[in-house]
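Engineer: Dropping a structure here in structure tokens format, bear with me for questions.
The values are calculated or read from the model by the stated rules, or taken from the named source; none is laboratory data. Predicted, not measured: the structure shown is a model, and the values here were computed from it. Quick reminder, even Gly has a Cβ in these numbers, built from the backbone with ideal geometry, and neighbours come from all protein chains shown.
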Amino acid sequence: MQKTKILLLVICIHFTSHIWCQNLSLKVTSQSNLKEHVIDSLDYLKTHKDYNSLISEIDTIQKKLYKIGYFENLYETTKINDSTYQAKFQLKKKYRYIHIYYDKNLVAPSILNYVSKQVNDSFFILPVNKIESALHIINSKLAENGYPFSKLHLTNIRSDNETNLKADLVINDTTEKRVISAIKIKGYEKFPESFLRYYLKIKPNQPFNLSLIKSKTEQLNNLRFANQIKTPEVLFTKDSTNLYMYIEKSKSNTFDGFLGFGTNEATNKIDLNGYLNLNLTNNLNYGESFSLLYKSTQNQQKKFEVNVTLPYLLKTPIGVEFQLHIFKQDSTFTTVNQAAKLHYQINTQYNIFTGIKTTESNNLLNLNTTANFEDYKSNFITFGYEFTKPQVHSLLFPINSDILIETGFGQRKHLDTTEKQTLISFDAFKIINLNRKNSIYTRLVGANLISNTYFENELSRFGGINSIRGFNENSLLATSYALINSEYRLQLSNTIYIHSIIDVGYLENKITKTNKKLTGFGFGFGILSNAGLFKLNYANGRSQGQVFKFSNSQVHLSLISNF
């Protein structure tokens, strides 16, 4: 019985406290009716759960008045009744600008130019409402210049005239400038040092700026052979600043192959064709790449290509690239292209290059043939530009956009004649992400050979899965051509997508004096698994004036495997 009474007493006390608990109301006014609109513009909180919250809101209001220029404001608080309080502010003159005096030995005028358009040798001018943000920017710039522990504030604030104030800028902890003493790699200790210096542009003895370092190290995820495990950390000692970076080596080698089949119009039989593409990257921990491509097509064409790229040669920002391309058309002709290029990586996205390119082609036919195949040699000086923008959070589409433009100026030698020629080629694509699942892929690719005369064995050859789909591999010949590939992509999951195929193109052949409009339509899908990215494309291609036939359709299978 006694316990029951105690329980009832506790319940009564609990509910009684809630009954008697009530919110407090705050009313803020100005002693001058002319300044009442200033108070109304502050948008203060009028209802409070207790007295401490109410007093805190009054302090907040006073700080807001400081920020808009009312540095001389006083208030008195009056209790109207048990639940209502009134705070009456006395607002004096409003200051609009402040002249801040500074020491050039502590802060450079170039930093102050970020916050003020009026910087003199001894002071700079700010609107009063920009003081807080300006001090924050100045402090950030000091940190970027190697003073991460700098602190600054205004002292000796005083009136200059009716609208202006004066103050002195005081900066502490700027006596010792912090620079990166050492960079220590954790996880992938053999990470190429040149990529730190020239790709990320992080090196010892440069001013320490943690926010800039974090933004730079995020670019590690753009590399094919490495990625960042976690954000970098810093160890400060009395006389050193050690930067720790956490990197892991990733799978960067790829093997790509596809099998294609279609109906041969001459024999009415199914022809098979395919290729293999091997890419080896950073196997020597140098950042180097080696690629090998071998392709055999149903029209008795064979292609063999080898590319070797060595970045940051001899610890310089210059890289080199060597290319060997061999092409053979049945028993008609062979063409050998060799190229050497020098690359300069401007930053993580931009790359420029120049080099030389030589071509030698041999006619394998009898001399009495009427075909326009000739022996020739050509030499070109080439210039190029490349831009790459990744999207690191996409497993299926890791590159968002890419632009490659190359031009060459040279001459072709045939028998005893020499002729000037110009080569122009471009390849660019962009993924437009509509939302998380839907995107549009567009690609523009083309080439143009400018010359007075042309041989058939120097023309551009295209068609197939990597150019305009629905046509046999390298079945189209042109002196100049341009293609637009487009796909509407729908991601069913992070590893599966389906897409449409709409390709259009135009080719011109000045030897045969013809030009054609080309179209390719179809669909496809891709599946990412542990084995790699498997893709299937079904497309039907036709030239202008050609009747649509299902027998002209092409099915392409490919598998890109990482290891």
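Engineer: Give Asn337, Asn307, Asn379, Asn400 a once-over and let me know the one that is among the polar types (S, T, N, Q) and farther than 30 Å from Tyr198 by Cβ.
Structural biologist: Asn379
Engineer: Would you be able to tell me the number of residues in the range 466-498 that are over 15 Å from Lys517 (Cα atoms), hydrophobic (A, V, I, L, M, F, W, C) and in a loop (DSSP other than H, G, I, E, B)? Give the steps one after another, and end with the answer.
Structural biologist: Start the filter on the range 466-498 by keeping residues that are over 15 Å from Lys517 (Cα atoms), which leaves 466, 472-474, 486-498.
Pick out the ones that are also hydrophobic (A, V, I, L, M, F, W, C) and you get 490, 492, 496, 498.
Now narrow it down to the ones that are in a loop (DSSP other than H, G, I, E, B): 492.
So the answer is 1.
Engineer: Residues that are surrounded by fewer than 16 Cβ atoms within 10 Å (Cβ to Cβ), without any contact (Cβ under 8 Å) to a residue 12 or more places away in the chain and among the polar types (S, T, N, Q): does the range 201-223 have at least one?
Structural biologist: yes
Engineer: Report whether or not Tyr488 is surrounded by 17 or more Cβ atoms within 10 Å (Cβ to Cβ), of a type in the set (Phe, Trp, Tyr) and touching a residue at least 24 places away in the same chain (Cβ under 8 Å).
Structural biologist: Working: surrounded by 17 or more Cβ atoms within 10 Å (Cβ to Cβ): no; of a type in the set (Phe, Trp, Tyr): yes; touching a residue at least 24 places away in the same chain (Cβ under 8 Å): yes.
Criteria not met by Tyr488.
Engineer: If you don't mind, another one. Restricting attention to the range 325-348, which residues are touching a residue at least 60 places away in the same chain (Cβ under 8 Å), under 20 Å from Thr407 (Cα atoms) and within 31 Å of the chain's Cα centre (by Cα)?
Structural biologist: Hit for the range 325-348 is Gln345, nothing else.
Engineer: If you don't mind, another one. Quick one: how many residues across the range 90-122 are more than 22 Å from Asn145 (Cα to Cα), at pLDDT 85 or above and not in a loop (DSSP other than H, G, I, E, B)?
Structural biologist: 3
Engineer: On to the next question. Quick one: would you say Asn299 is at pLDDT below 95 and not assigned by TED's automatic domain parsing to the domain that holds Arg461?
Structural biologist: Values: at pLDDT below 95: yes; not assigned by TED's automatic domain parsing to the domain that holds Arg461: yes.
Yes: the conditions hold for Asn299.
Engineer: Could you tell me how many of the residues in the range 417-476 are under 19 Å from Asp375 (Cα atoms), surrounded by 15 or more Cβ atoms within 10 Å (Cβ to Cβ) and of a type in the set (Ser, Thr, Tyr)?
Structural biologist: Count: 3.
Engineer: While we're here: If you go through the range 56-86 one residue at a time, how many are assigned to a helix (DSSP H, G or I), in contact with a Phe, Trp or Tyr (Cβ under 9 Å, 6 or more places away or on another chain) and not hydroxyl-bearing (Ser, Thr, Tyr)? If you could, list the steps in order and put the result at the bottom.
Structural biologist: Filtering the range 56-86 for residues assigned to a helix (DSSP H, G or I) gives 56-67.
Next, only the ones that are in contact with a Phe, Trp or Tyr (Cβ under 9 Å, 6 or more places away or on another chain) stay: 57-58, 60-62, 64-65.
Remaining after also requiring not hydroxyl-bearing (Ser, Thr, Tyr): 57-58, 61-62, 64-65.
So the count comes out to 6.
Engineer: Could you list all residues from the range 333-351 that are in contact with a Lys or Arg (Cβ under 8 Å, 6 or more places away or on another chain) and over 30 Å from Ser361 (Cβ atoms)?
Structural biologist: Matches in the range 333-351: Asn347, Gln349.
Engineer: If you don't mind, there's one more thing I want to ask. Could you check Lys341 against (1) among the basic types (Lys, Arg); (2) outside the structural domain of Glu386 (by TED's automatic domain parsing); (3) under 29 Å from Phe387 (Cβ atoms) and say which number it fails?
Structural biologist: In the conditions (1) among the basic types (Lys, Arg); (2) outside the structural domain of Glu386 (by TED's automatic domain parsing); (3) under 29 Å from Phe387 (Cβ atoms), Lys341 misses (2) alone.
Engineer: For the range 401-410, indicate whether the set of residues that are touching a helix residue (DSSP H, G or I) at 6+ places or on another chain (Cβ under 7 Å) and either surrounded by 14 or more Cβ atoms within 10 Å (Cβ to Cβ) or free of Cβ contacts under 8 Å to residues at least 12 places away in the same chain (or both) is non-empty. Break it down into steps so the answer makes sense when it comes.
Structural biologist: Just the residues of the range 401-410 that are touching a helix residue (DSSP H, G or I) at 6+ places or on another chain (Cβ under 7 Å), to begin with: none.
So far as the range 401-410 goes, no, none of its residues is touching a helix residue (DSSP H, G or I) at 6+ places or on another chain (Cβ under 7 Å) and either surrounded by 14 or more Cβ atoms within 10 Å (Cβ to Cβ) or free of Cβ contacts under 8 Å to residues at least 12 places away in the same chain (or both).
Let's see how each residue does on (1) under 19 Å from Gln219 (Cβ atoms); (2) touching a Pro at 6+ places or on another chain (Cβ under 7 Å); (3) in a loop (DSSP other than H, G, I, E, B):
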{"position": "Thr348", "(1), (2), (3)": "yes, no, yes"}
{"position": "Asn351", "(1), (2), (3)": "yes, no, no"}
{"position": "Lys357", "(1), (2), (3)": "no, no, no"}
{"position": "Asn362", "(1), (2), (3)": "no, no, no"}
{"position": "Phe373", "(1), (2), (3)": "no, no, yes"}
{"position": "Thr388", "(1), (2), (3)": "yes, no, no"}
{"position": "Leu396", "(1), (2), (3)": "no, no, yes"}
{"position": "Gly408", "(1), (2), (3)": "no, no, no"}
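Engineer: I need the full set of residues from the range 301-319 which are in contact with a Lys or Arg (Cβ under 9 Å, 6 or more places away or on another chain) and either at positive phi or buried (at least 18 other Cβ atoms within 10 Å of the Cβ) (or both), in order please.
Structural biologist: Residues satisfying the conditions are Gln301, Lys303, Tyr312, Lys315, Gly319.
Engineer: In the range 268-291, which residues are modelled with pLDDT under 90 and part of a loop (DSSP other than H, G, I, E, B)?
Structural biologist: Listed by number, the residues that qualify are Asn268, Lys269.
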